[in-house]
1. Using label points projected 7 Å from each Cα along Cα→Cβ, tell me how many nm separate A:Trp57 and A:Trp196, to one decimal.
2. Using the heavy atoms of the protein chains and a 1.4 angstrom probe, tell me the accessible area per residue for the range B:107-156 in square angstrom.
3. Share of antiparallel DSSP beta bridges in chain B, in percent to the nearest 5?
4. Taking a probe of 1.4 Å and counting only protein heavy atoms, give the total accessible area buried between chains B and A in Å², rounded to the nearest 100.
5. List for the range B:66-97: residues with 20 Å² or greater reduction in accessible area, all protein chains versus chain alone, probe 1.4 Å?
6. In the P(r) worked out for the range C:2-46, what percent of Cα pairs fall beyond 18 Å?
7. Would you mind giving the total buried accessible surface between chains A and C, with a 1.4 Å probe and ligands, DNA and RNA left out, rounded to the nearest 100 Å²?
8. Just to verify a number: what accessible area does A:Arg211 come out at with the full protein assembly present, 1.4 Å probe, Å² rounded to tens?
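The values are calculated or read from the model by the stated rules, or taken from the named source; none is laboratory data. The structure displayed is predicted, hence computed values, not measured ones. Virtual Cβ from ideal backbone geometry, glycine too; neighbours counted across all protein chains shown. Accessible surface is based on the protein model in full, side chains and every heavy atom, while ligands, DNA and RNA are left aside. Shrake-Rupley method; radii C 1.70, N 1.55, O 1.52, S 1.80 Å.
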Amino acid sequence: MSATGLPAATGGAFDPAAAARGWRPPPLIATPWLRYAVYLGALAYALLAFSSIEVNWTRAAEGVERAGRFLGGFFPPDFITKGDDILAGLLESLTMTVVSTGIGIILSIPVALGASRNLAPLPVYLACRGLIAISRTFQEIIIAIVFVAMVGFGPLAGTLTLAFATIGFMAKLIAEDIEDIQASQAEAVRATGASWFQLLAWGVLPQVRPRLIGLSAYRLDINFRESAVLGLVGAGGIGDTLNTSFDRYEFDTAAAVLIVIIVIVLACEYASGFIRRKVQ
Amino acid sequence: MLLTIEGLTKRYPTGDLALDKVDLQVPAGQVMALIGPSGAGKSTLIRCVNRLVEPSAGRVMLDGVALTTLGSGALRRARRRMGMIFQEYALVERLTVMENVLSGRLGYVGFWASWFRRFPRRDIEEAFRLLDRVGLAHMADKRADALSGGQRQRVGIVRALMQDPKLLLVDEPTASLDPKTSRQIMRLIVELCAERGLAAIINIHDVALAQQFARRIVGLRAGRIVFDGPAEDLRAEGLTAIYGEEDWSQTIRRAEEEEEAATESAA
Amino acid sequence: MAILTRADGTPDWRRRTPRADLLVWAGWFGAVALTVACFQFISDRTIWAFVWDAPAQGADLVGRMFPPRWSYASQLWKPLLDTINMATIGTALAIVIGVPLAFLAAHNTTPSRLLVRPAVLFIIVASRSINSLIWALILVIILGPGILAGIMAIALRSVGFIAKLLYEAIEEIDATQVEAVTATGASRPQVLGWAIVPQVMPAFAGISVFRWDINIREATVLGLVGAGGIGMQMQASINVLAWPQVTTIFILILATVLVSEWLSARVRHAVI
């Protein structure tokens, strides 16, 4: 043993100078050939990918003028000329947000219960997980296209789309939370002779409630943001107004719509942040 | 006999045999300690009684009712007669003390009544009485996670008593408590059992505590009962049968000494 | 939560005081009323005859969508590759811009809490609140149709996402490690490199891969507004009502997204 109380170096033949020469910062990937293969692969991919971008420079030059006009549209934005359209689109977006979030959350709860391995039997679990996978895989826009084909143009198609997307989002995250609960608390409730529903209300719900409320607020925020684009495929909302103003090159109105969207999203974000802090 | 267990066997899906044809009888009002090494099947045994774990074979009779064959509704009614106290307290942490206590009545009230927390007046009075008995009446509106370990376990005991049970199933009640609090909790359980004429099966690691507080001791090893007798009869041979070869001469004496130390530090 | 006293002096327990109870009920009633009113508004703008027809329409649609036209897939490999490229390059670009923004925004690394932080936070919010489809719409007008507009749209939307999650991670780091490195006499950039970056590295990797996964999904639809990728083929097929082709595209998208999700889950597991 050395004087410091640390075990002595192996055999006393340790050469600090040699070790220092040999020392390198540890690389990110330990195996050398894999490391270089990854670097090479990334480089090759980057080259290939960049070469696939075709840029039409004359078109882009034309675009500069339009970009100028578009940016000019922000100074000042025109809220007035198409004021009625903006207001109508906004109201539609907001109502779609409220209804779809409400319906989506209510429907997502049974799906979340079914998708929790610690509560549901295997067949139910697989069915619910499948539903979640479908809802999460497709972009809202794609689902909106299908709903528009089914129920026609208008905000109802958008509402259904957002509700469907909400189910996948909420159910997945809530199910994860349910699978993470403390089993002992649920077991204790079960031991009192509680029924299955009482087990949910007393053993599970108190543990997942903060997350449920936080996610609901967050999803409200997301649904509003998404409602702003569903109009592109005719599913209602302020995206409709935006799309029309772009089509007609009314950039000052488009700027006004964008500002309205940003302001509302900001307000939503602050509100949902406030709610989430409150329930923790 | 209040509780009769015949040939109780539990084999987990992994193939582990946790209980191997256990026979056990517990008369009304008897406080019994169940000791044994970790993995001997103590936890499984009491969970098979109220069927939180489904037994693979055997019979469990409570007050003449065969628990092992009950359907889910009847099982829930039967569970009301068996209060359970847990190792890590297992309180629902985001609910208040009072709500945790009232959750002991869940087997007696309907879903919507429990959802809106509408419990009969008698239940609420009983809850206050019991909380006062364990010295926690002033904590009724605290959230369960704001309590200390000893306080939480007392809430756990009150929750079990709210069920108006005939039998207490107690799973390592002192495992997460300091020695002094452990003794207070054990004494509380034994006193309450005496007051209300309850029988209890107490799983416990600590042999000294078991001998001090329980009159009867059952030793479990690898899923079989290897000792069953009065506490004072548990000697070195018995402990060797339960835990294996070791020098036990200090363990048996230690109980009284620790008790003295605990009362001194409390004074 | 309340303990009340009854007329006879014994304590009574309610979950809430009667006043709080009333407020909660009023809150629920308000929420339901608002939802119903909003639904009424939507319902007024809906032609219900179409909706009642929806099951028939849906069945008809499904009938026309199947069987998928597999031969069409041969024309889809190039657009699919474009889609993946858009997502990957866009994400890489967003990382390059987003990471410095995150360090400027986090209150423990920002050079100025009064000036820089609010300005950067505004950029982050603006980037996040505008959907990548809207960014694409704007960029197609400026740059013309093609995958460049798509890449830029993905990048502009992702900058805010990456910067936001990363600056939150930076704000949550363990301050004592920073203190320890500062105590060695390290300069500010050295503190950044030795105390802060190692702590946020796993979060950074997780966020980047997560966003890449989302971007694959988003890139599949950018073509609807002309910003390149498989969405262009989808738009073209829908315009001529070639539903069997649309089904082929859907299946291809489903497969791509599932693979990317699996990949990103693997990577995130590895780094966390």
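1. Using points 7 Å along Cα→Cβ, the separation is 6.9 nm.
2. Details: 2420 Å² over 50 residues.
For the range B:107-156, the per-residue accessible area is 48 Å².
3. Working: 20 of 37 bridges.
Counting only bridges with both partners in chain B, antiparallel ones make up about 55 percent.
4. Numbers: alone 12820 and 17340 Å², together 27970 Å².
When B and A are taken together, about 2200 Å² of accessible area is lost.
5. Output list: B:Arg76, B:Arg79, B:Phe86, B:Ala90, B:Val92, B:Glu93, B:Arg94, B:Leu95, B:Thr96.
6. Working: 538 of 990 pairs.
The proportion of pairs with Cα distances above 18 Å equals 54 percent.
7. On the way: alone 17340 and 16360 Å², together 28970 Å².
The contact between C and A buries close to 4700 Å².
8. Per-residue accessible area (A:Arg211): approximately 90 Å².
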